[in-house]
Each structure stands twice: as C-alpha cells, then as structure tokens.
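Visitor: My questions all concern the structure below.
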Amino acid sequence: MKTFIIPVLLTIIIGNIGAVDIGSYQFIEHIRTVSEPGKPEIYGDAVIFTAPSTFRRVGISFAHDDYARVHWFRRLVVPRDQADFFVDGKRQRGLDPNIDTGIMFHVEPIPINMRNMDYRMVIDGLWTIDPLNPIRITGPSGIAESRVPLPQRPQTFATPPESGTFRFHFYAPPGETIAVGGSFNNWDPFMYVMQEIRRGNERENSLYSLTLSLPPGNFQYVFYYRGEQIPDPSNTRRLFAGYGRIVSEGIVH
C-alpha cells in the first residue's frame with residue numbers, strides 16, 4: 001500500500017490541510033505510514049485525527065472555534081494496481097480506480113499558546129465524543145468533550161527579538177535545508193539558510209531559526225523548502241503577491 005499512496009496524498013492532503021498553511025510536504029511521509037485509525041496524534045504544528053471509513057461521514061468541531069464550524073474528514077484512498085484492470089488481457093470497465101484504506105482523517109493546526117485542544121465529533125449525523133480518544137472532560141456547558149493535551153513549545157511564528165532585527169522560526173523534519181527569501185533580498189531562495197537550533201526525531205520536527213538585521217518598516221517573505229514557497233505557518237499577517245502566491249508580512253520596529 002505504501003508504494004502507491006504518495007501521488008494520491010498529494011491531492012487529498014493539500015485539499016484537507018489548507019488551514020494549516022504549510023502545504024502537503026510536512027504530512028505526506030507521515031500520514032502514509034498510518035495503518036489503522038487511532039487516537040489523535042500530535043505531529044509538527046498540528047494534530048492528526050483519524051476515524052474508520054466504515055462510517056458514512058465524520059466531522060469534528062473545536063472548542064477554540066466555539067463549535068461554530070464542522071470540519072469534515074476525508075477518506076484516505078490509494079490507487080488500484082493497474083493489473084487489476086485486466087482479466088485475460090481484457091480491460092475491465094466500471095472498476096473503481098481507488099482502494100479505500102479504511103481510514104478517514106482531518107489535520108488541525110495547533111493555535112499558539114493553547115494548552116489543550118477540546119473537541120466533539122459528528123459521526124453519521126450524531127454529536128459524540130471521539131470513540132478512539134480515552135481522554136474525556138466535561139465542558140463548560142456540562143456536555144462531554146474529548147481532549148488532546150498539547151506540549152508546551154516556543155512560539156513558531158517569526159518575531160522581532162529586538163529593534164532592527166527579525167527572527168524567523170520554522171518546523172520541519174531533522175536534517176532539512178530551509179531558506180528565507182523576501183522583499184529584502186529580491187526573493188533569493190539561496191542567500192539566507194536557516195539553522196537547525198533544536199534537533200527533532202521521528203515524532204517531533206526540528207526547530208529551524210534565523211535572525212536578520214533589516215531596516216524599519218514592513219516587508220514580505222516566504223520559506224523555501226523542498227522546492228515550495230511556504231508562507232509562515234503561524235504568522236496570520238498575509239498578503240496576495242499576485243500569480244496565485246500568498247506571502248507573509250513582517251514588521252521591523
């Protein structure tokens with residue numbers, strides 16, 4: 001199964017984790033290793049929720065959104081082996097080109113400075129707690145909720161450490177090359193390479209950082225990683241730079 005899953009995930013995950021704003025690169029290699037639904041998993045700057053695809057439809061809603069929005073899970077499918085389409089040399093028609101892995105999933109970004117992620121699920125039209133998560137609490141309204149305790153970590157978005165400088169932060173797997181480019185260096189993808197200041201492991205990403213001296217005022221920037229231009233995942237200041245490109249905006253005082 002793992003052999004065929006990457007191309008499909010390129011489509012499925014991009015559509016599902018747009019809210020995470022880091023594209024597909026950070027989750028493809030990890031989600032493709034999921035063999036069965038299980039309890040929520042913290043990975044990088046997000047929480048991965050899974051459910052069996054035997055349910056018709058699964059949604060999730062969060063306390064930090066005041067339960068105002070339901071995020072619907074997506075089914076994780078893999079391409080069917082091309083040999084299955086032929087019997088005695090004849091191509092079979094009407095055969096589903098994809099195979100259901102038995103998993104549905106949702107990826108939710110972790111808000112800054114949050115200690116616990118509380119939520120409820122909608123399974124086949126019924127509100128309920130997460131059947132795969134053993135951690136349950138009673139919410140302010142007296143209704144049972146599921147909870148994911150979150151680890152304490154430094155802020156992940158770029159912050160100015162002192163006047164005239166700007167510090168960039170980015171999470172990615174260990175041993176990667178991440179660069180910063182923007183209006184301050186004519187968007188050069190090679191000039192400023194970030195340093196891996198905290199080494200991660202198989203379950204936790206490394207922290208990359210870079211501090212630059214920049215003139216006072218506003219500027220735009222992106223991270224360059226694995227051939228993609230990535231706006232800062234946790235910086236809410238965004239601009240449309242044309243040609244379909246979204247960039248982050250920083251301020252130097």
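Visitor: If we count other beta carbons within 10 Å of each Cβ, what is the order of Asp118, Asp45, fewest first?
Guide: Taking fewest neighbouring Cβ atoms as first place, the list is Asp118, Asp45.
Visitor: Show the residues, 5+ positions off or on another chain, whose built amide H is closer than 5 Å to the amide H of Val47.
Guide: Amide H to amide H, under 5 Å and 5 or more residues apart or across chains, Val47 pairs with Glu108, Ile110.
Visitor: Thr138 to Ile42: FRET efficiency via 1/(1 + (r/R0)^6), r the Cβ-Cβ distance, R0 22 Å, to the nearest 0.05?
Guide: With R0 = 22 Å, the Cβ-Cβ based efficiency is 0.45.
Visitor: Can you pull the one-decimal nm distance between simple spin-label points at Arg198 and His64, each 7 Å off the Cα toward Cβ?
Guide: 1.6 nm
Visitor: Continuing with this model, one more query. If we count other beta carbons within 10 Å of each Cβ, what is the order of Phe223, Phe166, fewest first?
Guide: Phe166, Phe223
Only the coordinates and a few stated rules stand behind these numbers; no lab work does. The structure displayed is predicted, hence computed values, not measured ones. As a convention, Cβ positions derive from the backbone with ideal geometry for all residues, glycine included, and neighbour counts pool all protein chains shown.
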